[in-house]
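The values are calculated or read from the model by the stated rules, or taken from the named source; none is laboratory data. Keep in mind that this is a model prediction, so the values were computed, not measured. Backbone-built Cβ (ideal geometry, glycine too); neighbour counts: all protein chains shown.
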Amino acid sequence: MKSKALKNAVALVAALTLTMGTLAGCGGEAASTPASASKEATSKASTSTETSKEASTEAPAEETNDTFIADRKVVIQAYVDDIGYALPEDTSTSPVFQEIKKRTGIDLEIRYTPSDSDSKTLAAQLAAGTIPDMIVCYLNNSVRKEFPILYKAAKEGMFADVSEFMKNSKVYSKYMEPGYLPDDTYKNIVFRDDFDGVYLMHLAIDAVDRSTEFNPNSDYVGGMWIQKKIVDALGVDVKNIRTMDDFYNLLVAIKNGGFTDDNGNAVWPLGPKYWGGSVDTLDYILRGLDWGVSDGYNLDDEGKVKHEVETEYSWKKVEFLRKLLDEGLMNPEFFTMDSTRAEEVSKSHNSAIMADCHNYVDVIYETSDWIPLGPLNDIAGQQSKVTNGKGGYGCWAISAEAENPEEIFKLFDYLATEEGQLLCEYGVEGVSYNMVDGKPVLTDEVQQHVDAGDNDWLINNVGAGFGGQGVVFFDFMQTDLDSEARFGESRPGAGSGDTYTTAVEIAKAYPPTYRLVKGLKASAFLNASEMADVKAQMSQLNYKETLVQAAYADSDSEAQKILDSFKKQLEAAGLAQLEEYVQNVYDADHDAVQFYK
């Protein structure tokens, strides 16, 4: 198929999703940076920054300074809750904001409007034409929900064209180099064929693609964890637990072992994740039965796009879960337990296996009670974690109505340089850090607050990003990332603090491996304009919830009816239409969709 529609479909794809080790994924608006401050404290910040402030009392930069840009104010509207809830109560007294003014002459005012949906606020304010000099929002890839909003605004002339500014810039000129940007970022966001300029700037691009390299100083070791004393008692080598049969036999051995928790109660062989019951844990405990490797979709033996519910694997998953429940191998509250109780059963060792945790949780790094289990082999018989290579995280755009947009561009180009990143992440030299052998080392006072997780103090007394612990705006707005090479550590204080030393040691002892599979997941294409009606229907359906519902059915026949009903609903919602669309995209470019055997 060589129609314009197919060309547009292919132009939507080839994305490489974000794999930033220092950022923890979360549901809802985005897989976002860890929230930094309490909403009570930061509501003051959003209020104070919504109103105009007097210019910094620091003397503005002189035009003779190499970094001087202009003596002016730049007002930025953020559509990122982590930014809004992590702003200084008074930016005019913040060392970092003062230093930016001193070096560049520019006063920064950051606004945030609290709401239940940042993307809806973005759409409303763009429609009303009420944006200030610049906006910043989430944007992992071109099929995220913010993109159609940004795309429409760009096509309607709401954003300034920065293409001429990029050519001689220090950092953003790299975006023009072949191979520097992920395919999706280059083709579908920054340098779109249907744009007559550059209007959207994708952020958080790694300087070097290290997505298949494990970095114990920053990457998390997640998934299932098992009590070490139980492993020792059984004489099991957890590295040999690879298949679904291996996993089942281990659970049976635990149950027959007569193990008890701290209160003398029999342990459950398989307990919920540390943070509470969730269907997400199916990704770990049923990994070997995941036929639908791309959010439920894969290619069948004939190379046709199918959903897992159209195969025997849906029943295999339900059958396995029902067996675990019937034989008492899984806590019956595995999917429903609240976070408080789940933390309690984990810390009291009532679960022999936690379905999900990671090495930066205190129950792991403050004890030697747990070791990683898995990951189990996937459908291809591989244990490696799938990664998509380089990706992006956020986006900024300058208003077409902004005064002298080149000055705004120059400011954020400067802040993305090594000198700018040092200021944004560490603060001011001699105040929050000192240079030792050419690398920044936090002062003792600041290091103590970093180790203690004292986010409010870092936000209001230093004003730097600190890898998401401080003023998230500065962390969020970075690009051309290569912290370890430039600063000697993955995030400020990671190399000199000792709070997470054990967490890093655990990561070194249990390094995961990675497998590069390019493309977007099949379900991402529901965001294509042609799929709007299908998306509206499918958004009401939840495959994982259906699997759990079937697992708890009164009988096998009732469980099968639940699966059959879901399949009919999926078909009625437009399953064939989506499969055809994804098939055309995949046939045109095999790297466009995340399929593998």
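Worth a mention:
- Meets criteria (part of a helix (DSSP H, G or I), assigned by TED's automatic domain parsing to the domain that holds residue 197, buried (at least 23 other Cβ atoms within 10 Å of the Cβ) and β-branched (Val, Ile, Thr)) for residue 110: no
- Hey, residue 446 surrounded by 23 or more Cβ atoms within 10 Å (Cβ to Cβ), in contact with a Ser or Thr (Cβ under 9 Å, 6 or more places away or on another chain), at pLDDT 95 or above and farther than 27 Å from residue 202 by Cα or not: yes
- Here the condition is being buried (at least 21 other Cβ atoms within 10 Å of the Cβ), of a type in the set (D, E, K, R) and not assigned by TED's automatic domain parsing to the domain that holds residue 365; of 515, 491, it holds for 491 alone.
- Helices (runs of 4 or more DSSP H) contained in region 212-299 and holding at least 1 residues within 23 Å of residue 502 (Cβ to Cβ) and more than 22 Å from the chain's Cα centre (by Cα): 228-234
- Positions within region 487-516 being farther than 13 Å from residue 218 by Cβ, among the charged types (D, E, K, R) and in a loop (DSSP other than H, G, I, E, B), in sequence order: 498
- Qualifying residue in region 547-560 (condition: more than 17 Å from residue 293 (Cα to Cα), touching a residue at least 60 places away in the same chain (Cβ under 8 Å), surrounded by 13 or more Cβ atoms within 10 Å (Cβ to Cβ) and of a type in the set (Val, Ile, Thr)): yes
- Residue pairs whose Cβ atoms lie under 6 Å apart, separated by 6 or more positions or on different chains, with the first residue in region 448-476 and over 17 Å from residue 431 (Cα atoms) and the second of a type in the set (Lys, Arg), are 467/491.
- Note on region 155-173: among residues that are out of contact with any Asp or Glu (no Cβ under 6 Å at 6 or more places or on another chain) and part of a helix (DSSP H, G or I), the one that is surrounded by the fewest Cβ atoms within 10 Å (Cβ to Cβ) is 164.
Results for (1) surrounded by fewer than 23 Cβ atoms within 10 Å (Cβ to Cβ); (2) modelled with pLDDT of 95 or more, shown as yes or no for each residue.
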| residue | (1), (2) |
| --- | --- |
| 61 | yes, no |
| 65 | yes, no |
| 70 | yes, yes |
| 76 | no, yes |
| 87 | no, yes |
| 93 | yes, no |
| 101 | no, yes |
| 104 | no, yes |
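- Condition met for residue 526 (out of contact with any Leu (no Cβ under 6 Å at 6 or more places or on another chain), modelled with pLDDT of 90 or more and crowded, with 16+ Cβ neighbours inside 10 Å): no
- Annotation note: Cβ proximity below 7 Å between a residue of region 234-246 that is touching a residue at least 12 places away in the same chain (Cβ under 8 Å) and a residue that is among the polar types (S, T, N, Q) and part of a loop (DSSP other than H, G, I, E, B) (sequence gap 6+ or interchain) occurs for 242/377; 242/383; 243/377.
- 2 or more residues under 23 Å from the mean Cα position of the chain (by Cα) and within 20 Å of residue 83 (Cα to Cα): qualifying helices (runs of 4 or more DSSP H) within region 403-473: 405-415, 418-426, 455-461
- In region 103-130, the residues that are on the phi > 0 side of the Ramachandran plot reach residues that are surrounded by 19 or more Cβ atoms within 10 Å (Cβ to Cβ) with C-beta atoms within less than 7 angstrom, at least six apart or across chains, in these pairs: 105/60; 105/61; 105/69; 105/70.
- Residues of region 527-553 that are among the small types (Gly, Ala, Ser), closer than 26 Å to residue 335 by Cα and outside any helix (DSSP H, G or I): 539, 553.
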